[in-house]
Amino acid sequence: MERELSPQNTEKLVQFQELSGIDNLNRCIEILERHNWDVETAIHDHLGLDPREVTQSVRELPVFPLQNGQTTINRPVMQQSIHRSQPVDSIFQRIMTFFSHTLFDDNMGLWPTATYQRPYGFTGWLLFISSLPLRVIMVTFYQFTHFVFRVIRPEHRPAVTDPTGNVVSFIQEYNQTFGDPHPTFYPGTYSQVLNEAKKELKFLLVYLHCKDHQDTNKFCRQTLCNPEVIEFINSNCLMWACSVDSLEGYRVSQALRENTYPFLALVVQREFRMTVVGRIEGFVEPECLLQRLRTIISDNEAFLVAARADREERSFNQALRQEQDVAYLESLRADQEKDEKKRRERLLEEERLREIRELELAEERKKEEMTKKKQDAIKQVPPEPASDEIGICRILIRLPQGQKLERRFHRTIHTLKDLYYFILSHPDSPYQFEMATSFPKRTLPWQPGMDIIPTLAEVGLGASEALLVLDLDA
């Protein structure tokens with residue numbers, strides 16, 4: 001059933017379908033209607049996100065070296081943060097980013113770090129401390145100016161874009177900026193990689209890239225390019241990455257509701273739907289990232305095992321049903337062939353019996369006709385002449401069954417027609433026959449319906465003749 005949708009609802013439907021990876025439009029409409037056309041709530045419910053978990057960010061504590069050369073990693077600490085109800089480029093986010101950049105950005109040169117050479121000696125420290133207020137003022141002015149510019153003129157996001165082009169452009173830009181060593185990024189849209197992960201029953205690692213964040217460069221150069229991280233992710237996950245500055249990345253950002261960058265989300269099929277089972281926010285060292293990923297994958301591997309078993313069972317049942325259907329169709333076809341053969345045999349038998357019946361009926365009709373002809377022939381036979389009359393012809397007739405007939409005919413008065421009717425009137429004579437002399441053997445020229453009928457003398461019969469009756473139906 002087709003539904004009339006407003007332009008706003010149509011745009012929300014397209015956005016929800018791209019983020020969720022659901023191809024069935026009616027199902028997408030039902031989910032959105034159940035959530036009053038709130039795309040964020042619908043996506044959270046579809047991905048299995050708990051709104052209370054969205055308001056929390058996971059921050060990994062640094063790795064501290066011990067005296068014996070070993071390292072210890074503190075467990076992640078769940079730090080309560082303010083629920084972000086505004087989009088990624090909201091005013092609230094810009095204010096928080098501005099203050100965090102101004103006070104704690106190590107790349108600005110306010111504090112002596114590894115990036116900038118540490119002061120050496122008393123003179124160096126004196127110059128550094130004396131110039132610190134000036135640098136604070138300059139950096140603060142720069143950050144404030146940048147912040148005001150972004151508030152007044154926010155980034156323009158086009159209403160229509162190419163999602164695949166957004167992802168491919170990001171991958172190209174990432175390779176140009178940070179180089180090729182990184183996990184394999186899926187070169188497709190978010191909905192396509194969701195479908196691919198669901199099809200292959202693999203974990204999906206989503207990475208949202210924000211080039212303006214102070215930890216992004218360090219994360220890309222130290223963590224994502226780590227060989228162990230690359231090997232682990234390529235072996236266990238599909239990875240999809242995109243910039244939040246593009247429309248495709250922005251839409252995914254609105255669905256996943258990240259709090260800070262870099263942001264990683266691990267998605268897996270859980271109870272027949274794609275669910276976010278892990279969130280990693282902020283900079284993490286390679287060892288810590290591997291530990292977190294191994295823990296999340298280990299805790300949720302059972303869902304993929306169950307899904308694979310369920311898929312194998314469905315495939316087995318489907319194959320079994322197909323084999324049963326093939327066997328049933330073969331049996332049905334054999335039964336149909338047997339029935340068809342029996343039907344053809346029955347039809348042939350019926351046809352044979354019908355033909356026999358028709359022959360019998362024709363024979364009966366023929367017998368009736370010949371009986372009538374024999375009765376009529378008796379009336380057509382002329383009286384037998386006396387033995388002492390002149391021109392008498394004594395004829396001895398032999399029938400096909402061996403019976404012998406003898407009769408006198410007048411050679412000049414009686415014709416072959418009279419002879420024919422005499423033979424036909426006998427009960428044992430055939431229905432159709434020819435008359436022939438015995439020696440020399442010749443057939444008498446007689447045909448029923450002749451216009452000119454010759455006499456016995458005209459056909460050459462003498463005073464005594466012997467004739468044979470030849471059955472034409474034999």
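The values are calculated or read from the model by the stated rules, or taken from the named source; none is laboratory data. Model, not experiment: these values are computed from the prediction. Every residue, glycine among them, receives a Cβ derived from its backbone with ideal geometry; neighbour counts consider all protein chains shown. Protein only, heavy atoms only, side chains kept; ligands, DNA and RNA dropped before computing areas. Shrake-Rupley method; radii C 1.70, N 1.55, O 1.52, S 1.80 Å.
Restricting the range 450-465 to residues that are open to solvent by 40 Å² or more (accessible area, probe 1.4 Å) and not charged (D, E, K, R), the residue that is farthest from the chain's Cα centre (by Cα) is A463.
The sole residue among R292, R257 that is open to solvent by less than 10 Å² (accessible area, probe 1.4 Å) and in contact with a Leu (Cβ under 9 Å, 6 or more places away or on another chain) is R257. Taken as a whole, the structure places V229 among residues that are of a type in the set (A, V, I, L, M, F, W, C) and in a helix (DSSP H, G or I).
Of everything in the range 135-169 that is farther than 15 Å from R251 by Cβ, of a type in the set (K, R) and at pLDDT below 70, the residue that is surrounded by the fewest Cβ atoms within 10 Å (Cβ to Cβ) is R153. Taking interchain pairs and intrachain pairs at least six residues apart, which have beta carbon atoms under 7 angstrom, with the first residue in the range 184-213 and closer than 15 Å to A307 by Cβ and assigned to a strand (DSSP E or B) and the second among the polar types (S, T, N, Q) and at pLDDT below 90? Hits for this filter: F203/N236. Listed conditions (1) open to solvent by 10 Å² or more (accessible area, probe 1.4 Å); (2) under 22 Å from N300 (Cβ atoms) are all met by V252, apart from (1). The residue pairs whose first member lies in the range 294-315 and is farther than 11 Å from F203 by Cβ, whose second member is among the β-branched types (V, I, T) and exposed (fewer than 12 other Cβ atoms within 10 Å of the Cβ), and whose beta carbons are closer than 9 Å, counting only pairs six or more residues apart or on different chains, do not exist in this structure.
Listed here are the residues, each with its yes/no results for (1) aromatic (F, W, Y); (2) within 58 Å of the chain's Cα centre (by Cα); (3) open to solvent by less than 90 Å² (accessible area, probe 1.4 Å).
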{"position": "V326", "(1), (2), (3)": "no, yes, yes"}
{"position": "E330", "(1), (2), (3)": "no, yes, no"}
{"position": "A334", "(1), (2), (3)": "no, yes, yes"}
{"position": "L359", "(1), (2), (3)": "no, no, no"}
{"position": "E369", "(1), (2), (3)": "no, no, no"}
{"position": "K372", "(1), (2), (3)": "no, no, no"}
{"position": "K379", "(1), (2), (3)": "no, no, no"}
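For a quick check of your reading of the model, give me the residue pairs whose first member lies in the range 256-284 and is in contact (Cβ under 8 Å) with a residue 24 or more places away in the chain and more than 14 Å from S20 (Cβ to Cβ), whose second is assigned to a strand (DSSP E or B) and among the acidic types (D, E), with beta-carbon atoms closer than 7 Å and at least 6 apart or on different chains. The qualifying pairs are E258/E281; N259/E281; T260/E281; F263/E281.
Residues in the range 410-426 that are in contact with a Lys or Arg (Cβ under 8 Å, 6 or more places away or on another chain) and at pLDDT 90 or above: F422 alone.
Could you say whether any residue in the range 283-301 is in contact with a His (Cβ under 7 Å, 6 or more places away or on another chain), closer than 30 Å to N166 by Cβ and outside any helix (DSSP H, G or I)?
No, the conditions are met nowhere in the range 283-301.
Does any residue of the range 387-398 turn out to be surrounded by fewer than 17 Cβ atoms within 10 Å (Cβ to Cβ), of a type in the set (K, R), touching a Leu at 6+ places or on another chain (Cβ under 6 Å) and outside any helix (DSSP H, G or I)? Yes, the range 387-398 contains a residue that is surrounded by fewer than 17 Cβ atoms within 10 Å (Cβ to Cβ), of a type in the set (K, R), touching a Leu at 6+ places or on another chain (Cβ under 6 Å) and outside any helix (DSSP H, G or I). The single condition among (1) under 23 Å from V167 (Cβ atoms); (2) within 29 Å of the chain's Cα centre (by Cα); (3) aliphatic (A, V, I, L, M) that L256 does not satisfy is (2). When the range 170-204 is limited to residues that are under 19 Å from E248 (Cα atoms) and among the aliphatic types (A, V, I, L, M), the one that is surrounded by the fewest Cβ atoms within 10 Å (Cβ to Cβ) turns out to be I171.
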